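What follows draws every value from the coordinates through simple rules; no lab data is involved. Since we're looking at a predicted model, the values are computed, not measured. A quick note on method: Cβ atoms are made from the backbone with ideal geometry, for glycine too, and the neighbour counts reach across all protein chains shown.
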Amino acid sequence: MSLTPDDVRTIARLARLAVSEQDIPRYANNLSRILDFVAQLDKADTTSVAPMAHPLDMSQRLREDAVTESGQRELFQKNAPQVEAGLYLVPKVIE
Amino acid sequence: MPPRFLIRFHDFNMHTKTLTQLARDLKAHKLSSEELTRAYLARIEHFNPELNAFITVLRQQALTTARAADACIRKGDAGPLTGLPIAHKDIFCTQGVKTSCGSKMLDNFISPYDATVVERLNKAGTVMLGKTNMDEFAMGSSSETSFYGPVKNPWDPTRVPGGSSGGSAAAVAARLAPAATGTDTGGSVRQPAALTGLTGIKPTYGRVSRYGMIAFASSLDQAGVITCTAEDAAMLMNVIAGFDERDSTSVDRPVPDYVAALDQPLKGLRIGLPKEFFDPGLDTRVGDAVHAALSIYKKLGAAVRDISLPNFPLSVPTYYVVAPAEASSNLSRFDGVRYGHRCENPVDLMDLYTRSRGEGFGAEVKRRIMTGTYVLSAGYYDAYYLKAQKTRTLIRGDFLEAFKQVDLIMGPTAPTPAFKLGEKTDDPVTMYLNDIYANGVNLAGLPGLSIPMGFVDGLPVGLQIIGNYFDEARLLATAHQYQRETDWHTRIPQGYE
């Protein structure tokens, strides 16, 4: 499995990662190497094997639909890069 | 001229004592928590510049907590851990304290709340000395991917301490803290413990709450501790283990008293030795050390038998599909909007996302996010992710089969002693293979532990003990009784005695 520079650009875009042009060949190289390495899984016979998503056989726990948290907007927004009147600011999305 | 407290500290050799011994001394009023805390802070100040084990040191906060602990001890309401200093891996959220996860992305993040592990240890009266350095977002096996620079191994500063909990391991190995927390997604507690001559336990998945532990791969992540002895680890496990409704995969099941169980006899214990652990990648001298350790267990009345985990060689490739897939999803929360790094002057929302993430994450984190994105993308999901979920079933199945015949599985923790800084940074796969004996345990969700079992070229090597689900008490007892027969765990690296 060999990824081209264009493949890397596509993956980076899907992952919302800005990757500089000069780093693209190195990522193409590294990622190809990783994919080649994991390709050895192909040799394993997994016919009729159930996929495992979670180590323990347990189901999702449910809880009462009750309010357990208090509003802490100001505290949480102390970590925000840009806020105004309790709102998170981002560049204009809708013209 | 070292500070006054450093001299007194050395006079009393407090730093050579275990957490258990220090607890006894505190209770007997032989020393105060403030003295102990000042002494460790002095050692951190003196030694941290060369080791880079800490990202944040909490001098004032630690002294305030220590004085409060002393007041508790005087009044007679102290618990087993009251007044004992501890360091936390910087992956655990700590209220009002920077929680960076070793990343530029969170360099400016002050956590608004405590992780459950931290909350429980605070409530138990421990004194937080600071936050330890780590591989960025716990992605690494050498603690070299940190935004804050690499951690050095106290046994040889030209070598890595392992990772990702390398700061915790280096801090305890150099006796800058008597114990530290860590997290283990694919070996990140056990491998650094092995490479620095310490005891490290990764409990069963779901045994310790993940709440407030910054997520890497949610079906694999588990909190643990790095200590000098199994007895010390048992003391901490008594506090951190247990159900937490804030973690949806936390298991509601009674927690045994791990300290009380340390002396359960080993006679009749059945130990399995998987032949797959003795592969060509294993340094034969590490293999010899495993056999030497097994001979001690035989002397203690255990029976050793050869077993096979035929699918175990699939664990690293399986891990490097599952873990990056989960990471790519978990790390999508870092968007430059609500917290974390934001790029300068974004032109639009897409630019804000991509540049904030591109600047905030380091190379290894980007590689894993991209690997995960690829294996989950349309057209590749079945070939990679679904396939890896199936091989994961096979890997767990081998363990379940083995535990029908044996009580515990033993082998090396890592294939070699600590490697040189920079030795494995060029090729990610070479680095990944250092966790060849560790990854499978996380994929199966089993508890694992590493204890020091000797030295190769003057560097410590670790014995890995793997148990059945929720069998931590037996793991700790088995480790403890080895440590009563050996003194590897008492060795302190030269220059830090």
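Overview of values
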| quantity | calculated |
| --- | --- |
| Chain B: antiparallel DSSP beta bridges as a percent of all, rounded to 5 | 70 percent |
| Dipole magnitude of chain A, debye to nearest 20 (Cβ charges: Lys/Arg +1, Asp/Glu -1, about Cα centre) | 200 debye |
| Tilt relative to chain A, helix A:24-38 - C-alpha long axis, 0 to 90 degrees, to 10 | 70 degrees |
| Backbone HN-Hα couplings from phi across segment B:489-497 [Karplus 6.51/-1.76/1.60, Hz, Gly and Pro as x] | 6, 8, 6, 10, x, 4, x, 10, 5 |
| Listed peptides B:52-58, B:196-202 by packing density, highest first (mean Cβ within 10 Å) | B:196-202, B:52-58 |
| Unit charges on C-beta of K, R, D, E only; dipole of the protein assembly as shown, Debye | 1020 debye |
| Within chain A, longest stretch clear of exposed trypsin sites (Lys or Arg not before Pro) (DSSP loop, no more than 13 other Cβ within 10 Å) | A:1-60 |
| Exposure proxy ranking, count of Cβ atoms within 10 Å, fewest first, for B:Ile226, A:Ile94 | A:Ile94, B:Ile226 |
| Inverse of mean 1/r across different Cα pairs in the protein assembly as shown, Kirkwood, Å | 24.2 Å |
| Spatial separation of Cα centroids for segment B:109-151 and segment B:67-84, in angstrom | 24 Å |
| In segment A:15-95, chymotrypsin sites (Phe, Trp or Tyr not before Pro) in a DSSP loop with at most 12 other beta-carbon atoms within 10 Å | none |
| Among A:Pro55, B:Pro313, B:Pro254 the positive-end extreme of the charge dipole of the protein assembly as shown (Cβ point charges) | B:Pro254 |
| Whether segment B:314-388 is rounded, prolate or oblate, judged on the alpha carbon gyration tensor where a/c under 1.5 counts as rounded | prolate |
| Segment B:314-388 - charge dipole about Cα centre, Lys and Arg +1 at Cβ, Asp and Glu -1, debye rounded to 20 | 160 debye |
| Cβ-based charge dipole, the protein assembly as shown, positive-most Cα from B:Ile44, B:Ala383, B:Asn468 | B:Ile44 |
| Residue-wise HN-Hα coupling along segment B:364-378, computed from phi with Karplus coefficients 6.51, -1.76, 1.60 (Hz; x: Gly, Pro) | 5, 5, 4, 4, 6, 4, 5, 4, x, 4, 5, 5, 9, 7, 3 |
| Average other protein chain Cβ within 10 Å of Cβ, residues B:382-390 | 5 |
| Sites excluded, trypsin sites (Lys or Arg not before Pro) in DSSP loops with at most 10 other C-beta within 10 Å, longest stretch of chain B | B:1-266 |
| Average other protein chain Cβ within 10 Å of Cβ, residues B:317-330 | 2 |
| Cα centroid separation, segment B:362-408 to segment B:167-246 (Å) | 22 Å |
| For A:82-94, mean number of other protein chain Cβ atoms within 10 Å | 2 |
| Karplus (6.51, -1.76, 1.60) ³J(HN,Hα), θ = phi - 60°, over segment B:205-214, in Hz, Gly and Pro reported as x | 3, x, 6, 10, 5, 9, 4, x, 9, 4 |
